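The values are calculated or read from the model by the stated rules, or taken from the named source; none is laboratory data. What you see is a predicted model; the values in this text were computed from it and never measured. Every residue, glycine as well, gets a Cβ built from its backbone with ideal geometry; the counts of neighbours run over all protein chains shown.
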Amino acid sequence: MELERARSERAMSMAGGARESWVPIPARSPFPLANLPLGVFSTSSDGRRRIGAAIGAQILDVGALAARDGLGFAAALREEELNAFLALGLGCWRELRAWLTDRLEDGRQRAAVEPHLVAQSDALLHLPFRVADYVDFYASEQHATNLGRILRPGQEPLLPNWKHLPVGYHGRAGTVVVSGSEIVRPRGQRKAPDAAAPTFGPSERLDFEAELGFVVGVPSALGEPVPLSRFREHVFGACLVNDWSARDIQAFEYVPLGPFLGKSFATSISPWIVPLDALEAARVAPPPRTLALLPYLEDDAEASGYAIDLEVRLNGHVIARPPFAGMYWTPPQLLAHMTANGASLRTGDLFASGTISGPEKQQRGSLIELAWGGSEPLLLPDGSSRTFLRDGDELSIRGSAPGIGGERIGFGEVSGRIAPALTGA
């Protein structure tokens, strides 16, 4: 009865202003009551990893409070990663969200809840879920067009298949790391255009890619495609992604099978997973299609895109603001195509959008675009310039979206610092 009351009140509030929590929310915090992203944290006094929800500058120990309240799936929330909870499905995801909202909004709950709050400044954030598979797409028309013009000047920038299907590659789940992890410069084979043979050594064209990732909760059976209409049944939420790329290694290896060592050395994700239910106010229609799509990808009538704005900083300087709203291929289309051949989903699958780029120069989500393949060095406010990343550079990406009630909600940050390549043969 109490849970139903909370749901009813929340539904009514969607037509009005933002709901408020008794937990103090700093101005412009990415984590108001309307957000409640989930992650995994520990503290110096207790190294045990715990599932938490971000609220303002605090983290709520969700598992401990769920056990106290006797929540039916409290055991899944006492795990050291999100996978067991993600597998429970949409009904439990929404029940948890309603329960959390009620506990953090109702001042009468303060005495019971407050002992389970931990300051974010006192917490260490971890990889929030065990990554089962990782797939990265190429869903931005602007990014694909820019790369086509850089890499194939004088030719049609988009390859013939691009507007018929979401192009992607299967990445390496074992090298997905949480924000803040050091990124060691990869080594591999590189071949200059005028060289007779390749050489082996540290990448000289190390790049970032600002992306959005989507986390699968409910698996699917092998041989069973997942249609557009079942996207919300399988996908719990979204996170920020930086798919680090060694452009010189990638350029020599990718023909004919695509990215491999130029991508697989590291992919960083943000520690907070924002539930799709928190992004309802951010839903937008996809851009107009210039070609008819096959039925399994046809979703022009649906508000299946998301108005999420990213901000990219290099050594503290803002260098780009990529907009996700203009992505040609939407998240439900990516999932539908990923499973169209019967490939199964697993709890903890991560699929990413590919580089997010807009039509303006300051909206480009990678250095290869911002510096136009190295021919137009990017000037930074400190007087330095970049064509690609140097050792010691720190790259961070933040994201925000409109939330229910009119406030902005955020994804936190995904960051990484470039460390020198390891020495060796």
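Taken together, the criteria exclude Gly305 from residues that are in contact with a Lys or Arg (Cβ under 8 Å, 6 or more places away or on another chain) and closer than 22 Å to Val176 by Cα.
The residues of region 185-213 that are farther than 12 Å from Ser245 by Cα and among the aliphatic types (A, V, I, L, M), listed by number, are Ala192, Ala195, Ala196, Ala197, Leu212. Counting residues in region 398-410 that are acidic (Asp, Glu) and closer than 27 Å to Glu141 by Cα gives zero.
Out of Glu311, Glu360, one residue alone is in contact (Cβ under 8 Å) with a residue 40 or more places away in the chain and outside the structural domain of Ala76 (by TED's automatic domain parsing). It is Glu311.
A quick yes/no check of all residues on (1) surrounded by 24 or more Cβ atoms within 10 Å (Cβ to Cβ); (2) over 20 Å from Arg313 (Cα atoms); (3) in the same structural domain as Gly399 (by TED's automatic domain parsing); (4) in contact with a His (Cβ under 9 Å, 6 or more places away or on another chain):
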| site | (1), (2), (3), (4) |
| --- | --- |
| Asn242 | yes, no, yes, no |
| Tyr254 | no, yes, yes, no |
| Gly262 | yes, yes, yes, no |
| Pro271 | yes, no, yes, yes |
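The listed residues are Gly373, Gly406, Gly383, and the only one of them that is out of contact with any Lys or Arg (no Cβ under 6 Å at 6 or more places or on another chain), farther than 30 Å from Pro32 by Cβ and surrounded by fewer than 14 Cβ atoms within 10 Å (Cβ to Cβ) turns out to be Gly383. Within region 79-90, residues that are on the phi > 0 side of the Ramachandran plot sit with their Cβ atoms under 7 Å from residues that are buried (at least 17 other Cβ atoms within 10 Å of the Cβ) and hydrophobic (A, V, I, L, M, F, W, C), at 6+ positions apart or across chains, in these pairs: Gly89/Val218. Do we have any residue at all in region 146-166 that's within 17 Å of the chain's Cα centre (by Cα) and crowded, with 21+ Cβ neighbours inside 10 Å? Scanning region 146-166, I find no residue that is within 17 Å of the chain's Cα centre (by Cα) and crowded, with 21+ Cβ neighbours inside 10 Å, so the answer is no.
Considering region 294-314, and only residues there that are loosely packed, with under 15 Cβ neighbours inside 10 Å, part of a loop (DSSP other than H, G, I, E, B) and out of contact with any strand residue (DSSP E or B) (no Cβ under 6 Å at 6 or more places or on another chain), the residue that is modelled with the highest pLDDT turns out to be Leu294. Note on region 174-194: among residues that are touching a residue at least 24 places away in the same chain (Cβ under 8 Å) and of a type in the set (A, V, I, L, M, F, W, C), the one that is farthest from Arg321 (Cα to Cα) is Val184. Just to check your reading of the model, which residue among Ala84, Ala67, Ala57, Ala75 is surrounded by 17 or more Cβ atoms within 10 Å (Cβ to Cβ) and of a type in the set (Gly, Ala, Ser)? The match here is Ala84. State whether the residues of region 331-352 include one that is part of a helix (DSSP H, G or I) and under 13 Å from the mean Cα position of the chain (by Cα). The answer is yes, given that some residue of region 331-352 is part of a helix (DSSP H, G or I) and under 13 Å from the mean Cα position of the chain (by Cα).
Of the set (1) crowded, with 22+ Cβ neighbours inside 10 Å; (2) in a strand (DSSP E or B), all apply to Ser42 but (1). Go through the residues of region 352-363 one by one and say whether even a single one is in contact with a Leu (Cβ under 9 Å, 6 or more places away or on another chain) and under 22 Å from Leu82 (Cβ atoms). Yes, because at least one residue in region 352-363 is in contact with a Leu (Cβ under 9 Å, 6 or more places away or on another chain) and under 22 Å from Leu82 (Cβ atoms). Collect the residues in region 27-59 that are within 17 Å of Glu114 (Cβ to Cβ) and over 24 Å from the mean Cα position of the chain (by Cα), keeping them in residue-number order. Across region 27-59, the qualifying residue is only Thr43. Condition check: part of a strand (DSSP E or B) and closer than 25 Å to Phe411 by Cβ. Does Ile356 satisfy that? Taking the combined requirement at face value, the residue does not satisfy it. Does at least one position in region 91-113 carry a residue that is under 28 Å from His337 (Cα atoms) and surrounded by fewer than 17 Cβ atoms within 10 Å (Cβ to Cβ)? Yes, region 91-113 has at least one match. Taking the residues in region 179-209 that are in contact with a strand residue (DSSP E or B) (Cβ under 6 Å, 6 or more places away or on another chain) and of a type in the set (A, V, I, L, M, F, W, C) as candidates, determine which candidate is farthest from Phe137 (Cα to Cα). Of everything passing the filter in region 179-209, Phe200 is farthest from Phe137 (Cα to Cα).
Scanning region 121-173 for residues being within 22 Å of Val414 (Cβ to Cβ) and either free of Cβ contacts under 8 Å to residues at least 40 places away in the same chain or β-branched (Val, Ile, Thr) (or both) gives a total of 3.
The residues of region 192-234 that are at pLDDT below 95 and among the charged types (D, E, K, R) amount to a single one, Asp194. When you scan region 223-238, do you find a residue that is aromatic (Phe, Trp, Tyr) and within 26 Å of Asp309 (Cα to Cα), even just one? Within region 223-238 (the criterion being aromatic (Phe, Trp, Tyr) and within 26 Å of Asp309 (Cα to Cα)), the answer is yes, since at least one residue qualifies.
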